[in-house]
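K.L.:
Before I ask anything, let me first share the structure, which is written out below as structure tokens.
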Amino acid sequence: MIQNRAGQAKSRFHFGYPASKAILAGLGLLVASRAFGGVPLGPYPPFCPGATMNGTKLVAKCKDFFGNQKETSLENAAACKDIRDVNGDLRCVISAKHADGSHATDFDIISISRDVTVNGFETKVWRIDNPQVWSNTADLNANYPEIAFKPGDAISFNAGGCVQTGGSGRTWKSYVWPQGDGAGNMYAGTAQIQGVTPGGFQRIGGLMGCQPWTVPRPKNPGAPADHFLELGYQDDGLGDNGYYSHDDGTQDQCKNVGPAWVEITVVSGRERIARGPDWSSHCKPFDLTWDMGSEDFNGLPQNPQWAWQLSNPNQQPDFGVMCKDAFPGDSGTTIDATQLAKCTSQDPTADTHWALGAVCDGWPLQGHLNWMIATYTGPVTWEAITTINGFWDCDYNLQLQPQHFFGLTQSGTPPANATALGLEFDPRETINNMGSKWWQQTQGYVMSDGVRTLHDVGDHNLIALFNGTHGLYGVVIGLIGLDANHGAYTESHPVFAMAVRTRRDVIGTTTKDHWAFFLRNVGNEGGCGSLMHHWDSPTGEYFIQLPWPQGATGMNPAVTEVDVTPWQDKTNVGFAQSDNSWTLVRVTPPSANAEFGVDGEFTATYTVPSNVSGSASGAAGGGPPPKRGEREPEEEDVGDRITDTAVRAQFAAEIKTMKLPEAAPTPKIHLAVAPEVVTLEHVPGAAASGKLTRARTGPNSTREQIDAEVIKVAEKYQKDLKVDPTKFHAATATASK
């Protein structure tokens, strides 16, 4: 990965193929119609000497990007108003842009390479040569409103070529399948068509594997059909990208390969027009998909499932078996992006960590693969508090049993089905801040002589608090991904929000539900991750959406027993209802995208004439405790690797004296919340249009401070611990083609 580009001097030049009209005019080379042997008008003749007409076809040998002669032709050339040599091919150009200065090239050269109608189906191929790949801002969003689509269109992508990514050495990269350091998350062309392709901007390589994409008919006939092409590019610095100073690229990936190009094939015809799908777009077994009519008030999917499960109901896919080719070898540190794209089109991102070698040494990946933020509902049960040697990972671990095993995977040897979604969150970011009475009962993980241990509240009490194996009905919002270090089981980690129904009282036609909740917008993924994950709301508000009792016909206009504790000043909380189906906890943070958190509890009262509100627990029933996928031991005592008992004792003593970051206790100030319940109308958001909501990532300063202390001790005892100190850094999984 290129670490610093700002101070690097780079020579830039332009090969001149193709040249813009402005450049040619300055050289006096523009030609009139019928010049050069009666060929049509255009700036191409100097680069295509000897061009001739063969009927309506223009035939020539033109100079390509490298200055070599290439045979090319153009049908119906006489009807074209702007014929150009574009990297060795004759194109009938509809529009183009020109960049001067350091980029010095024509770009976004749009043409139509095919337009035919057969049996009522029109096939049109749009082509963009030299798509824009640079920007002076942190993001690139190049819009192409002229390449628009209508309901019923079937859309296919094709792309190729290479891009100069800036820096020193060999810096050209494949536009579709980049190779080399950092290529797993950078150096690839991306695209999106709102309401058609899933998840915002996706790598074009992944979209190419899901063809064709069909434009749905709007569910609201009066809604505008805003479907047009958008292109982007993944890089940590977009300003020095372009098509200058060609080199062969890492592993010769760009040897004899010119600039990037994109083709969009559109097949239209009234026979193809059909009602839009209920399920979000998907085409690979490990694409998460959901009913687009079932999003929550945050615009998040509710209870998504793997696409494989649509055709295999009540079953679970095995990621380690089905996607094993994406993880070559057994190191758990390399991702083959080409193979992963055969397994999922949704570009999951990695969060990994060096983690003392054997602590995070799992397969297929030493860490996490993350898809999106989503909401799951079902019974929530207590599992355990995780601690490694008292300092590494102190997550609270719970489990949620989703309906029909949605989103779960098989894992282990032999493969076994999971019965629960793993839920994990760091108490230093959550529990330690909580002030409402119910959540204070969960605060059993405290400092004791410098080491985090269970104190006062044991596992047995926490199991009972969550109603044993029956569980408490819950609504959980979190980052959905696979804990690939532990057999690739599905988890919601970090959990951003959780509400559990702690009590249900039924008296005649009145049902009272008591809820305990917390909600925040930032969290980490534990000891085998190195990043912080942020949930950004597009509206500035956050919701927890809670179902009414079955058969309820109304809700009291006010809630009771309200006890709310904000973790930061100026966090506002209120209550609402919607559609005679939902009770909403509504949270407004101090400012847009500010880190915040809040916990609380309240009682909502409903009228249920038929008295069919269900059991007090709301869980699926008893039986054995639920189980996420097969887990490797997380509670390894690293000191057990030391065979000398005296040295082991010395190591344990030093661990206890490490200066670990510990947030100062925040004052538990209870917030005065209006008990009145307002009415809100649901406004369709991202999930309703099939779009994934990604977590924004950033550095984890707490993790970095812990690492610094751990490394000091680990380096001192490296021989006894049998660890390699050269690997002491925050890891990023390596991606390759």
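The values are calculated or read from the model by the stated rules, or taken from the named source; none is laboratory data. What you see is a predicted model; the values in this text were computed from it and never measured. Neighbour counts are summed over all protein chains in view; Cβ atoms, including those assigned to glycine, are modelled from backbone coordinates with ideal geometry. When the accessible area is computed, the model is the full protein with side chains, heavy atoms only, and any ligands, DNA or RNA have been set aside. Shrake-Rupley method; radii C 1.70, N 1.55, O 1.52, S 1.80 Å.
K.L.:
So which residues in the stretch 552-595 are part of a loop (DSSP other than H, G, I, E, B) and not polar (S, T, N, Q), if there are any at all? Explain how you work it out, then say what you get.
P.N.:
Taking the stretch 552-595 and keeping what is part of a loop (DSSP other than H, G, I, E, B), we get 552-553, 556-557, 559, 567-571, 579-581, 589-595.
Across the stretch 552-595, the qualifying residues are Ala552, Pro557, Val559, Trp567, Asp569, Lys570, Asp579, Pro589, Pro590, Ala592, Ala594, Glu595.
K.L.:
Something else now. Of all the strands (runs of 3 or more DSSP E) wholly in the stretch 460-524, which have at least 3 residues that are over 30 Å from Pro415 (Cβ atoms)? Working first, answer last.
P.N.:
Values: elements: 472-483, 489-507, 510-520, 522-524.
Qualifying strands (runs of 3 or more DSSP E): 489-507, 510-520.
K.L.:
Give Val608, Val598, Val564, Val573 a once-over and let me know the one that is crowded, with 18+ Cβ neighbours inside 10 Å and touching an Asp or Glu at 6+ places or on another chain (Cβ under 9 Å). Show your work before the answer.
P.N.:
Details: Val608 fails: touching an Asp or Glu at 6+ places or on another chain (Cβ under 9 Å); Val598 fails: touching an Asp or Glu at 6+ places or on another chain (Cβ under 9 Å); Val573 fails: touching an Asp or Glu at 6+ places or on another chain (Cβ under 9 Å).
Among Val608, Val598, Val564, Val573, only Val564 is crowded, with 18+ Cβ neighbours inside 10 Å and touching an Asp or Glu at 6+ places or on another chain (Cβ under 9 Å).
Matching residues to (1) touching an Asp or Glu at 6+ places or on another chain (Cβ under 8 Å); (2) open to solvent by 60 Å² or more (accessible area, probe 1.4 Å); (3) at pLDDT below 90; (4) of a type in the set (Lys, Arg):
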residue	(1), (2), (3), (4)
Trp126	yes, no, no, no
Asn130	yes, no, no, no
Thr137	no, yes, yes, no
Asn143	yes, yes, no, no
Ile147	no, no, no, no
Ala154	no, no, yes, no
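K.L.:
Also: Spot the failing condition for Pro549; the list is (1) in contact with a Ser or Thr (Cβ under 7 Å, 6 or more places away or on another chain); (2) in a loop (DSSP other than H, G, I, E, B); (3) more than 14 Å from Thr603 (Cβ to Cβ), and only one is missed.
P.N.:
(3)
K.L.:
Just checking, which of Ala60, Ala78, Ala96 is assigned to a helix (DSSP H, G or I) and touching a Ser or Thr at 6+ places or on another chain (Cβ under 8 Å)? Before you say what the answer is, go through the steps one by one.
P.N.:
On the way: Ala60 fails: assigned to a helix (DSSP H, G or I); Ala96 fails: assigned to a helix (DSSP H, G or I).
Of Ala60, Ala78, Ala96, the one residue that is assigned to a helix (DSSP H, G or I) and touching a Ser or Thr at 6+ places or on another chain (Cβ under 8 Å) is Ala78.
Conditions tested, residue by residue: (1) modelled with pLDDT of 95 or more; (2) of a type in the set (Val, Ile, Thr); (3) assigned to a helix (DSSP H, G or I).
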residue	(1), (2), (3)
Ile2	no, yes, no
Arg5	no, no, no
Phe15	no, no, no
Leu29	no, no, no
Ser33	no, no, no
Gly37	no, no, yes
Lys70	no, no, no
His103	no, no, no
Asp108	yes, no, no
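K.L.:
Still on this structure, please answer the following. Filter the stretch 409-431 for residues that are buried (at least 18 other Cβ atoms within 10 Å of the Cβ) and either of a type in the set (Asp, Glu) or not in a strand (DSSP E or B) (or both) and give the result.
P.N.:
Step one: filter the stretch 409-431 for residues buried (at least 18 other Cβ atoms within 10 Å of the Cβ), giving 409-412, 418-431.
Hits for the stretch 409-431 are Thr409, Gly412, Ala418, Thr419, Ala420, Glu424, Asp426, Pro427, Arg428, Glu429, Thr430, Ile431.
K.L.:
Please indicate, with yes or no, whether at least one residue in the stretch 306-322 is β-branched (Val, Ile, Thr), at pLDDT 85 or above and open to solvent by less than 20 Å² (accessible area, probe 1.4 Å). Steps first, please.
P.N.:
Step one: filter the stretch 306-322 for residues β-branched (Val, Ile, Thr), giving 321.
Checking which are at pLDDT 85 or above leaves us with 321.
Pick out the ones that are also open to solvent by less than 20 Å² (accessible area, probe 1.4 Å) and you get none.
No, that holds for no residue.
K.L.:
Filter the stretch 687-707 down to residues that are in a loop (DSSP other than H, G, I, E, B) and open to solvent by less than 30 Å² (accessible area, probe 1.4 Å) and give me whichever is nearest to Pro494 (Cα to Cα). Quick ask: steps written out before the conclusion?
P.N.:
Start the filter on the stretch 687-707 by keeping residues that are in a loop (DSSP other than H, G, I, E, B), which leaves 690-695, 700.
From the residues that got through so far, the ones that are open to solvent by less than 30 Å² (accessible area, probe 1.4 Å) too are 690, 692-693, 695, 700.
Numbers: Gly690: 23, Leu692: 17, Thr693: 15, Ala695: 10, Asn700: 13 Å.
For the stretch 687-707, the residue satisfying everything is Ala695.
K.L.:
Another one. Any residue in the stretch 252-264 that is hydrophobic (A, V, I, L, M, F, W, C), open to solvent by 40 Å² or more (accessible area, probe 1.4 Å) and at pLDDT below 85? Give the derivation first.
P.N.:
Within the stretch 252-264, the first condition is being hydrophobic (A, V, I, L, M, F, W, C), and the residues that meet it are 254, 257, 260-262, 264.
Pick out the ones that are also open to solvent by 40 Å² or more (accessible area, probe 1.4 Å) and you get 257, 261.
When the remaining residues are screened for being at pLDDT below 85, the result is none.
No - not one qualifying residue is present in the stretch 252-264.
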